[in-house]
Amino acid sequence: MDDNELYSIGDVARRTGLNVSAIRYYSDVDIVAPTRVTDAGHRLYDVRAIARLELIRTLRDLDAGLDDIRRLLDGETSLHDLLVAHLEIVERQERGLRARRAVLRTLVKQGGTADQAALMRKLVSMPDEERERLVDDFWNDVAEGLDVPAGFVDRLRTMRPRLPEDPTLVQLEAWIELADLVQGAEFRNKVRSYLQDTYSTSPGRDLAAAPVQDFIYETGTAIMEEVMAAFRSGLRADSPQAQDLVVRMAAAAAEAVGTRSTAESRARMATGFLMAEQFEREEPEESHRYDASHGRYVSLVAVINDLPPDTGEFASFAGWLAAALGASSR
């Protein structure tokens, strides 16, 4: 293309992909004026004008506004700044479409009504502060009259949904389900009943006591990660390495509750883990009860927060611990 050559509006339309009326419009609104107009009124364009028109077409295809394009061509903004600003707009639109898709998919699955559609739309657009209040209301109601060790519910409520700024469709669907569940009296009653029955009496009450919870989630995390890594590596439970690990674990756990680890206490701990393994494997009804109450809350929060899913290895791990502790106590 010759830098000095002038091209008719028809040629420009073929080169840029714009229609003739659009090129005329951009001239009439003083965005890209023709390089020259003949005595007969024909508009002619040079390569620089054609390049500007090609840029306009590209930006219009990206839904950039004419006012922004005019500012760019007039030198009032840079192409980078314009693209950054427009990218933010497109990303907001994308998030909005993703939210609508999540609502529509959920409604299709549930055969929802117009009222449900309005509610779900509200849920996905809910600000963070309102989400926090929703979860707080849930736990405040669940904790009402619950006979469990002090501080246990406060620890449970620390696991709460944190919907990211740019959530995936799966995260949005999980949030819709969770928000709907935590507002319902039936689900709240299920969670309260499960927690009451599980943690109001031993052995659950002992497990829910503050010193034990502190060990599980704070002071004992390092040693427990070592023990879990050993189990996952396939290390034999009766090996010297495994026994050394569980002896250290038992000592740390005993210190956390203000006692001293002995062979007898490790034997009792082994019995407890063995019972936990048997219960996990032989009580499908109780497992189903957990999955339908507090377990459902935990699993949905894990999806929303993009946490690793439950591997379902607790029974095997408890059995391995029982064997290793038993070997160490002999």
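Listed by first and then second residue, the pairs with beta-carbon distance under 8 Å, at least 6 apart or on different chains, first residue in the stretch 306-320 and modelled with pLDDT of 90 or more, second in a loop (DSSP other than H, G, I, E, B) and surrounded by 15 or more Cβ atoms within 10 Å (Cβ to Cβ), are Trp320/Ala237. The residues of the stretch 219-229 that are part of a helix (DSSP H, G or I) and farther than 26 Å from Arg296 by Cβ, listed by number, are Thr219, Ala222, Ile223, Glu225, Glu226, Val227, Ala229. Tell me, please, whether a residue that is over 17 Å from Ser329 (Cα atoms), touching a residue at least 24 places away in the same chain (Cβ under 8 Å) and not in a helix (DSSP H, G or I) can be found in the stretch 252-259. Yes, the stretch 252-259 contains at least one residue that is over 17 Å from Ser329 (Cα atoms), touching a residue at least 24 places away in the same chain (Cβ under 8 Å) and not in a helix (DSSP H, G or I). Of all residues in the stretch 260-274, those satisfying the criterion of being out of contact with any helix residue (DSSP H, G or I) (no Cβ under 6 Å at 6 or more places or on another chain) and either surrounded by fewer than 15 Cβ atoms within 10 Å (Cβ to Cβ) or touching a residue at least 60 places away in the same chain (Cβ under 8 Å) (or both) are Thr262, Ala263, Glu264, Ala267, Arg268, Thr271, Gly272. Would you check which residues across the stretch 275-330 are touching a Leu at 6+ places or on another chain (Cβ under 9 Å), open to solvent by 40 Å² or more (accessible area, probe 1.4 Å) and either of a type in the set (Ser, Thr, Tyr) or in a helix (DSSP H, G or I) (or both) and list them? Arg296, Val303, Ala323 - these are the residues of the stretch 275-330 that are touching a Leu at 6+ places or on another chain (Cβ under 9 Å), open to solvent by 40 Å² or more (accessible area, probe 1.4 Å) and either of a type in the set (Ser, Thr, Tyr) or in a helix (DSSP H, G or I) (or both).
Just for the stretch 213-250: of the residues that are among the polar types (S, T, N, Q) and under 29 Å from Asp154 (Cβ atoms), which one is surrounded by the fewest Cβ atoms within 10 Å (Cβ to Cβ)? Spell out how you get there, then give the answer.
Let us first name the residues in the stretch 213-250 that are among the polar types (S, T, N, Q), namely 213, 219, 221, 233, 239, 241, 243.
From what is left, the residues that are under 29 Å from Asp154 (Cβ atoms) are 213, 219, 221.
On the way: Gln213: 18, Thr219: 15, Thr221: 11.
Only one residue fits best here, namely Thr221.
The values are calculated or read from the model by the stated rules, or taken from the named source; none is laboratory data. Not measured: the values here are computed from a predicted model. Cβ: placed from backbone, ideal geometry, glycine included. Neighbour counts: every protein chain shown. These accessible areas exclude ligands, DNA and RNA; they are computed on the full protein's heavy atoms, side chains included. Shrake-Rupley method; radii C 1.70, N 1.55, O 1.52, S 1.80 Å.
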